Structures are given as structure tokens and as C-alpha cells.
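**Q** Right, I'll just put the structure down here and ask away after.
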Amino acid sequence: MNPKRSLFFSSLVSPMGALLYLLLLSFFYVSSLVPTSQALALGTNANATRRRAPVHHDLSLDFYSKTCPQVDQIISSVTAARYRDSPTSGPATVRLFFHDCFVEGCDASILIAPTPGSTNKVEREMEENKNLAAEAFDTVNMAKAAVENKCPGVVSCADVLAIAARDFVNLAGGPYYTVKKGRKDSKVSLGGKVHPNLPRTNSTVAELVRLFSSKGLSPLDLVALSGAHTIGFSHCDQFASRLYDFRGTKRPDPAMDARLLKALRMSCPQFGGNADVVAPCDVQTPFQFDHAYYANLETNLGLLATDQALFFDPRTRPLVQDLGRDKARFFQAFVAGMEKMGQIRVKKGKRGEIRKDCTKHLT
């Protein structure tokens, strides 16, 4: 952990009156701190609600028991090193998993790199994915290479991503849970599928609920998976409207804590700011996977409008309060949500492939 982050951690024990100081320390002018800005800041548009119900396939814990029995250990050796050397790889990879699963299912289509000269855009080229951190892609590629070295041509990139996301949750202090396996990698990556399926930071709770329902996920899953923001960061452009022009009023969001507003405005000016500046979605314990995220919402310290809306809406407020009271309950609900999300539109058989290089389709 570098000195700047150590100083940040030491400030977390100070009273809430020191929030301004804490927030200023938490802004890092580096492009690597991109994780989960929208990752689970969830939203949709009306088209997403008319999609057919997601197809679920049976996965299994022992899918690689004969072909690659040490797959979890191989991947964990990579994720542990990455978390030590680059802690932001954690929330970045969790965000990457969400962006993969919500667009045509958990099939590693998000990992396909653009083809030079091609007019057909892949998922990672789209506006909604522009801030996905390089650390996440690098981590999956490194883990896949380690797996290929031991078990060539056996383990899908989709499974590698699912396992890596689990590892990072646990490394940050969250629950360890078993990951069912057996996904195949998609044979296509279609940029046009991104917009109808990925979030907007100004969505209403009604839109969030409809989006999650279209993926087979419940309001509890919505609130629990939003808790991944406990280790998330967001760029200024994702919350700037709350600071200066909330819902076209030319004024800040009146619900935002005044100290938080002051701190955010200092690091995210209305004009001419640094595009690489990020803020923690959890202003209390941004590097610890815990349930402080929910307590923040109850005191108007939510960073993103979609986060704070979960507490204001009567449909989700009881869920926020429930998970905020009990960390064990949050962990339980989060694990259940991750397992359900990890089974969205899984590719099996001839509908998928096992890539050797996660960035390229098989030829």
C-alpha cells in the first residue's frame, strides 16, 4: 500500500466532522483508479424491459474436477498478487463482471478487443464501457494465461472472470463463496447490445427494478449487488449533475450532505476539471468490503444518484436498512445475488467457445 493510501486509511478513524479532509485525501489523480463508477450504479432504458426472460443453465462446482482440478488455486495466485500490487484491480474486476453479465450474459464478450479497421464495434468500445479500468482486463488475461499453462484449452474466460471477481471480493474483506463453473465464451461481441442493457447514473428506482427483473433478479438482488460500491470509485462526470445542476435546477442536489457537497466541488469543478479524478462511492471505508455503504445512504452520503435513491424509495428503503444493520445479512444477500447474476444467459455447447486468448475469438 503506498503512503498516500496509508494516509487515507488513517483519516478514516476521525470523526465525521473531518469528512471534508477525508474526501480530499481520497481523490487520486491517476487513471488507474477507475473501478465500478457505473458498475452497479444501475439503470436502463425502456427497451431493456421488453427483452425475453434470461436463459439459465445448470452450472456445477466440480465442472473442472477432472480436466483442471486446481483452477481456483491457479487463479487465486494471480488475484492475490494483483491485489497486493494494485488494489484497484479488485473493484475494477467486479465491475467488469457486472458489465459482462448484463450484456447478453456471462460469456466474456466484454473482453474481446477491437479489430483494427473494423466498422463493427465490440462491447468494450462503447461509451458505457469507456471507463472500464485496464487493471481488470489485465488481471483476467494474466489469470487466463496461468490457467492455460496448466490446463490448455479447458477453462473459459467467462469462468476465469467469475472466479477472479469472487477472489477480489474476499481479498477486500468480503465473503468467500464457491463459484459454479461451466460457462463458455461468446462467439460474438456486439457493441449495439450495450446501451439497452447497461446502467445510467440518473435512473429511477423503478427503472432499476425493471432492469434487474429483466435479468431474473429481484429488488433484494438490486440492493445487495449495489453494495459492491463499498469498494467502488466513480469519475466526476458520473455525479457532477448532483453538484451543480440537479435535475435541471441549476442548483445542487438538496439531499446531499453539505460537507460531502463541499468536498466534491473542490475536487470536481464545474468546468475545466481533471478527467482522471475519482471519488470513493463509500466515503467511510472505500477499500474495505463491508456494509458501511448502506449507513452512508441513511445519512445522505451516497455518491451516485442511483445509490442514494435506494434509500429514498419506499420499495427499497427497508432493504437498505436491513442490510445496513447486519453485515452477515448483507454478505448472504450479496453472495446469492452474485450467483444468480453469474448464471444469466450462460453459453453452452456449440453456442460458445473456449478462447485461448480472452481478447480474440477462435479462428
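**Q** Write down the Å³ per residue value for the convex hull defined by the alpha carbon atoms of segment 102-251.
**A** Measuring per residue, one finds 156 Å³ for the Cα hull of segment 102-251.
**Q** Quick check on my link table: of Lys121/Lys181; Lys130/Lys193; Lys150/Lys184; Lys130/Lys348; Lys144/Lys187; Lys144/Lys184, which ones sit more than 21 Å apart, alpha carbon to alpha carbon?
**A** Beyond 21 Å between Cα atoms: Lys121/Lys181; Lys130/Lys348.
**Q** Please find the FRET efficiency linking Phe271 to Ser86, where r is the Cβ-Cβ separation and R0 is fixed at 22 Å, and quote it to the nearest 0.05.
**A** The computed FRET efficiency comes out at 0.10.
**Q** Okay, next question. How much accessible surface area, in Å² rounded to 10, belongs to the heavy atoms of Thr119 with a 1.4 Å probe?
**A** Spelled out: Thr119, probe radius 1.4 Å, area about 130 Å².
**Q** When we measure straight from the Cα of Lys327, which aspartates and glutamates land under 12 angstrom away, once same-chain ones fewer than 8 places off are left out?
**A** The qualifying aspartates and glutamates are Asp290.
**Q** Work out the charge dipole of segment 209-363 with +1 on the Cβ of Lys and Arg and -1 on the Cβ of Asp and Glu about the Cα centre, then indicate which of Pro318, Ala255, Met266 is farthest towards its positive end.
**A** Pro318
The values are calculated or read from the model by the stated rules, or taken from the named source; none is laboratory data. Computed from a prediction, not measured in an experiment: that's the story for all the values here. With ideal geometry, Cβ positions are generated from the backbone for all residues, glycine too; neighbour counts draw on all protein chains shown. Accessible surface areas use protein heavy atoms only, side chains included; no ligands, DNA or RNA. Shrake-Rupley method; radii C 1.70, N 1.55, O 1.52, S 1.80 Å.
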